Amino acid sequence: MNLDIDFVRAQFPAFNAAPLTGQAFFENAGGSYTCRPVIDRLFRFYTERKVQPYAPYAASTLGGQEMDEARMRLAALMGVDTDELSFGPSTTQNTYVLAQAFAQWMRPGDAFIVTNQDHEANSGPWRRLAERGFEMREWKINPETGYLDPADLMTLLDDKVRLVAFPHCSNVVGEINDVAAICKIVHDAGAVACVDGVSYAPHGLPDVGQLGADIYLFSAYKTYGPHQGIMVIRRELGMALPNQGHHFNGDILYQRFTPAGPDHAQVAASAGMADYIDALYAHHVDGDAAAASKGAAVHDLMRAYEQELLQPLLDYVSAKNSVRLLGPDRAERRAPTVALALQVSAGEAAAQLAPHGIMAEGGDFYALRPLEAMGVDMTKGVLRLSFVHYTSKGEVDRLIEALDQVL
Ligand SMILES: Cc1ncc(COP(=O)(O)O)c(C=O)c1O
């Protein structure tokens, strides 16, 4: 079963928008295009349901039901209970709130582990726990390859460690970490695992139940949805951590880590992400299935398609002496988020790609720690070329042609 790229692109109005015609988008890791069901739901909410939700008049009831629907369907796709999934303004704000909860929950003498492979969102808020007297330990990447070796994690764990925060996939190294194996190591040591899935989820929503993460975070706006952060917090941990919401909401798991009122319209519109995944499933697979199986099937479709497009790009950049590819050169080991250290400024290289119709960016992508650890010249930064399953083979070919002119 192969992904029908024409069907996929027809679900994204951006591909028919005049200002974007002729532009090949390679900054998807910064934020994806939005799928039509999300745009339609957002429009409907703002035109028909933009009232305080959950009151007994129709517009309000429908608005509240749509918000519940979003949580219920996304949670089912990810193999968790509905109230284990909640929304916040962004992943960075979600980790910030969670870190406040851990600061209250941890006891003097406790330790936590962070990596230097993470985006700052899943690093800085945790590192600040050290200022509250908790011991910080750093799980470090290999400076050449960017690899996070689970064997190194084992040497850091002992019975003081409460939390290990690590990425499913770094937004510059691109390597997919073996989350299930790492969570097992973490649990065997009596700690909990907080996984940043922001760079992974756009390539297929994972079954968090199967991965075993206690916390799994991702950003809807990079996953074809509106500008929201989504967090899965498994029940046992979520009810044990101190409530960060209003005191009277303390028994409601999905409200415990959302101190402010949620963005109703965007939460409701997130149900469109589930519509999109269901539509992909229905188009490619005969018959019905449980939501988590549908999620897994669509995940596998996306991954297989992306890997096929990615390998020629990896082969091309690996063969260039003037370019350093960060992370693995095999598509099956990574996401199609390809960061390149160049001999020139990455920002200037991105600017030179723009006239070729290539939308890309250079910089640090808030991943200063991994880039510095890998010895990247931070005055030049990295050129990041990231794509997803709606990218066509023709666009990747065009990218390679443009790179040939610019690099
Ligand atoms: C891997 C990763 N984690 C976290 C974030 C932060 O997400 P948000 O913008 O939702 O705070 C990003 C954003 O670029 C990211 O790439």
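The values are calculated or read from the model by the stated rules, or taken from the named source; none is laboratory data. Computed from a predicted model, the values in this text were never measured in an experiment. Positions of Cβ are generated from backbone atoms using ideal geometry, with glycine treated the same way; all protein chains shown enter the neighbour counts. For accessibility, only protein heavy atoms count, side chains too; no ligands or nucleic acids. Shrake-Rupley method; radii C 1.70, N 1.55, O 1.52, S 1.80 Å.
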* Hey, can you rank 187-198, 96-107 by average C-beta count inside 10 Å, highest first? -> 187-198, 96-107
* Structure fact -> Across P125, P108, P259, the residue with the highest GNM fluctuation in the chain (Cα network, 10 Å cutoff) is P108
* Of the residues G30, G22, G209, which exhibits the maximal mean-square fluctuation in a Gaussian network model of the chain defined by a 10 Å Cα contact cut-off? -> G22
* Segment H247-N16, extension gain: residue separation times 0.36 nm, minus the distance between their alpha carbons -> 78.4 nm
* To do: Would you calculate the separation in nanometres between label points at A319 and R235, each defined as 7 Å from the Cα along the Cα-to-beta-carbon direction?
  => 5.5 nm
* **Low-density loop positions, chymotrypsin sites (Phe, Trp or Tyr not before Pro), the range 43-82 - DSSP coil, at most 15 other Cβ in 10 Å** => Y54, Y57
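Mind running the shape call on the range 52-192? Use the C-alpha gyration tensor, a ≥ b ≥ c as the square roots of the eigenvalues: rounded below 1.5 for a/c, prolate if a/b tops b/c, oblate otherwise. Don't jump to the answer; show the numbers that get you there.
Working: a/c = 2.33, a/b = 1.82, b/c = 1.28.
Verdict is prolate for the range 52-192.
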* Computed label-point distance, nm, for sites D188 and E348 using a 7 Å Cα→Cβ extension -> 5.0 nm
* Structure fact -> Note: H284 to S60 extended length (0.36 nm per residue) minus current alpha-carbon separation gives 77.1 nm
* Structure fact -> Rounded to whole angstrom, the alpha-carbon centroid of the range 45-76 lies from that of the range 116-142 at a distance of 37 Å
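Based on the inverse mean of 1/r over its pairs of different Cα atoms, what is the Kirkwood hydrodynamic radius of the range 179-307, in Å? Mind showing how you got there, number by number?
Details: mean 1/r = 0.0618 Å⁻¹.
Here the Kirkwood hydrodynamic radius works out to 16.2 Å.
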* What do you get for Rg/Rh over the range 231-324 if you use C-alpha atoms and the Kirkwood form of Rh? -> 1.18
* Go ahead and set up a Gaussian network model of the chain, Cα springs under 10 Å, then flag whichever of G287, G64, G124 fluctuates most. => G287
* To do: Could you sort out which of K50/K393; K294/K320; K222/K393; K294/K393; K50/K222; K140/K393 sit more than 30 Å apart by Cα distance in this structure?
  => K50/K393; K294/K320; K140/K393
* Asked: Of all accessible surface on the range 303-381 at a 1.4 Å probe, what whole percent is carbon and sulfur?
  -> 49 percent
* Per q in 0.07, 0.08, 0.10, 0.13 1/Å, what log10 I(q)/I(0) does a Debye calculation on the alpha-carbon atoms of the chain return? -> -0.32, -0.42, -0.67, -1.13
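Counting DSSP beta bridges in the chain, what percent are antiparallel, to the nearest 5? Numbers along the way, then the final one.
Numbers: 22 of 41 bridges.
Roughly 55 percent of the beta bridges in the chain run antiparallel, per DSSP.
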* Solvent-accessible area, 1.4 Å probe, carbon plus sulfur percent, for the range 63-200 -> 52 percent
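Counting only heavy atoms of the protein chains, get the accessible area per residue of the range 1-142 (1.4 Å probe) and round it to a whole Å² value. Before the final figure, lay out the partial values.
Values: 6300 Å² over 142 residues.
For the range 1-142, the solvent-accessible area averages 44 Å² per residue.
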* Structure fact -> Heavy-atom accessible area per residue of the range 233-391, all protein chains kept, 1.4 Å probe, expressed in Å², is 41 Å²
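Given the Cα atoms of the range 1-79, and with Rh set as the inverse mean 1/r over their pairs in the Kirkwood sense, what is Rg to Rh to two decimals?
Looking at the range 1-79, the ratio lands at 1.08.
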